[in-house]
Every structure is written in C-alpha cells, then in structure tokens.
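> Let me give you the structure first, and then I'll get to my questions.
The values are calculated or read from the model by the stated rules, or taken from the named source; none is laboratory data. Just so we're clear, the structure is a prediction, and the values are computed from it rather than from any experiment. We place every Cβ from the backbone using ideal geometry, glycine too, and count neighbours over all the protein chains shown. Side chains included, ligands, DNA and RNA excluded: accessible areas come from the protein's heavy atoms. Shrake-Rupley method; radii C 1.70, N 1.55, O 1.52, S 1.80 Å.
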Amino acid sequence: MTARPLVHKTAMPGLGLSAGITIAMLSIVVLLPIGALLMKGASFGLSNVLEVVGRERVTASLVLSFKLSLLAALFNLVFGVLLAWVLVRYRFPGKRLLDAAVDLPFALPTAVAGIALTALYAPNGTFGSLAQSIGWKIAYTQMGIFIALVFVGLPFVTRTVQPVIEEIEQEVEEASATLGASRLYTLRHVILPMLMPAALTGFALSLARAVGEYGSVIFIAGNIPLRTEIAPLLIVIQLEEFNYDAAAAIGIAMLVISFAMLLAINLIQIISRRKMGHV
C-alpha cells in the first residue's frame with residue numbers, strides 16, 4: 001500500500017513560490033495578530049482572563065454581541081437568498097439600481113452608515129417617528145443594533161448566493177414540475193440543496209462581520225452598560241483606560257466563541273456538500 005503524497009503537484013510551475021507567498025501573507029495578516037493576542041492573554045493568566053470575562057458588564061456585552069449577530073445573520077440568510085433570487089430570476093424597472101444598492105454597505109464607511117441609520121430611526125427621524133407613533137422605539141435599543149448589523153451583513157449572503165442561482169438552469173425546475181412535483185417540493189428538494197453550501201458561506205461571512213462591527217453600531221446603540229453595550233465598544237473603552245490586559249481578555253473570549261461558531265458552520269457545510277455528492 002503506497003502512501004499518499006502530502007502535496008499534490010500540478011503541471012503548472014511555481015508551487016513552492018506561491019505557497020511561500022501565501023503562507024507568509026497569511027502569517028502576517030492573520031496568524032501573527034492572533035498569536036500576539038493569545039500571548040498577551042497567556043501573560044495575563046488564564047484565571048485573570050476568566051475573572052474579566054465573568055464580570056457582569058463583560059458577560060452582558062458578549063451575550064448581546066453574539067446574540068444579535070446570530071439573529072442578524074439568520075435574517076440575512078433568509079432575505080439575502082430571496083433578494084439574490086429576485087435579482088437573478090426576474091426583470092423589473094430599477095433592477096440595476098437595486099443590484100448596485102446591494103453593494104452600498106461595502107463602500108459606505110461604517111461611521112457614515114451609523115449616522116445615517118441613527119438619523120432615520122431616531123425618535124425625530126423619518127422611520128423613528130413612525131415607530132414612536134405606535135409605541136415602538138428603535139434607536140438606542142437592541143432593535144437599532146439589530147438593524148445596523150442586518151445592514152452591514154446582507155450583501156455577504158446576496159453576493160455569495162447570486163452566482164450559484166445564475167448557474168441553476170430553469171429547465172431543472174421545469175423538469176421537476178413535469179414530473180408532478182409541487183413548487184414547495186421543488187424548492188425544498190431541488191433548489192435549496194444546491195444553494196445550501198453557498199448560503200451557509202454567506203451566513204458565516206455575515207455573522208463574522210456582525211460580531212466585529214463597531215462603527216455603524218455605536219451611534220445607534222446608545223451604549224448603555226448591561227443593555228446596549230457591545231463587546232467591541234467595551235474593548236475600546238478598556239484600551240482608552242490603558243487596561244490592555246482586560247481588553248485582551250475580552251478579545252480572546254470573542255475569538256474563542258467566534259471560532260466555535262464558525263467551526264460549527266463549516267461542519268454543517270461539509271455535511272451538506274456530502275449529501276449533494278450522493279444525489
């Protein structure tokens with residue numbers, strides 16, 4: 001029984017050079033910052049890190065950040081896929097304008113987005129005044145944070161799923177219909193399995209963006225401790241107070257939780273792709 005090679009070479013030259021450049025860039029951009037954060041936490045001590053994370057204010061900010069990020073990513077997963085489907089499958093006036101507007105959160109500075117959302121959803125804003133007339137308050141509440149996270153994360157799902165929808169032939173749906181399948185059955189057993197890997201990728205990207213979002217949230221959140229204070233803001237507060245150890249402890253907690261969530265999403269992706277391979 002022959003051993004499988006560790007590296008599969010191809011006919012194209014430059015494997016060593018390209019691999020070296022890739023690993024070097026990955027180390028500089030990703031691995032070194034994470035390593036520095038972990039080393040700072042190790043020098044601070046595990047017990048001290050757990051003590052900082054266990055504080056009521058820190059725990060509340062972590063729970064708020066990840067809870068609303070997860071809810072916003074789930075919302076974007078559903079409506080991002082619907083938006084991509086509409087943009088690919090239907091023709092209507094203003095389609096190109098709507099398609100271009102999807103990329104607006106990518107180009108718009110987060111601080112500008114936060115100011116714009118606050119102006120719209122504040123009690124004296126266009127939508128905020130309408131909400132207040134029926135007894136709702138959006139700005140300076142968790143609902144405002146949710147809207148900001150949806151705004152910055154929606155394009156990740158739409159742009160990830162859109163090319164996959166373009167590759168799905170309409171004849172597949174027509175063939176399913178001619179075989180007697182209902183629209184719901186076709187959606188569940190034909191379309192969704194094809195979209196699931198890409199949709200989960202967009203979901204993971206949207207979740208990752210929401211967890212670390214800062215600029216668009218601090219203006220609309222109100223930043224009230226134990227109520228609307230997000231974890232990234234608490235890290236900035238600790239840094240401004242020169243409490244670098246506490247800031248590193250909160251950052252490590254966010255890193256561990258984010259890694260666990262993304263690992264779970266990747267496992268679901270692997271399972272869905274294996275099921276697709278057996279279709």
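> List pairs: first in the stretch 84-111 and free of Cβ contacts under 8 Å to residues at least 60 places away in the same chain, second open to solvent by 50 Å² or more (accessible area, probe 1.4 Å) and assigned to a loop (DSSP other than H, G, I, E, B), Cβ under 9 Å, 6+ apart or cross-chain?
86/92; 98/92
> Shifting gears a bit: Can you tell me which residue among 248, 264, 260, 221 is small (Gly, Ala, Ser), in contact (Cβ under 8 Å) with a residue 24 or more places away in the chain and over 18 Å from residue 152 (Cβ atoms)?
None of the other options fit; the residue is 248.
> Something else: Go through (1) open to solvent by less than 40 Å² (accessible area, probe 1.4 Å); (2) modelled with pLDDT under 90 and name the single condition residue 107 misses.
(1)
Okay, residues lined up against (1) under 15 Å from residue 247 (Cβ atoms); (2) modelled with pLDDT of 95 or more; (3) aliphatic (A, V, I, L, M):
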| site | (1), (2), (3) |
| --- | --- |
| 48 | yes, no, no |
| 53 | yes, no, yes |
| 68 | no, yes, yes |
| 72 | no, yes, yes |
| 75 | no, yes, no |
| 85 | no, no, no |
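> Here is a follow-up. For residue 64, which of the numbered conditions (1) assigned to a loop (DSSP other than H, G, I, E, B); (2) open to solvent by less than 40 Å² (accessible area, probe 1.4 Å) fails to hold?
The number of the failed condition is (1).
> Which members of the stretch 56-99 meet the condition of being more than 25 Å from residue 257 (Cβ to Cβ) and among the acidic types (Asp, Glu)?
Within the stretch 56-99, 99 is the sole residue that qualifies.
> Could you list all residues from the stretch 175-198 that are hydroxyl-bearing (Ser, Thr, Tyr) and either under 30 Å from residue 138 (Cβ atoms) or open to solvent by 20 Å² or more (accessible area, probe 1.4 Å) (or both)?
178, 182, 185
> Quick one: residue 201 ticks every box in (1) open to solvent by 40 Å² or more (accessible area, probe 1.4 Å); (2) at pLDDT 90 or above; (3) over 16 Å from residue 76 (Cβ atoms) except a single one, so which number is it?
Here residue 201 clears every test but (3).
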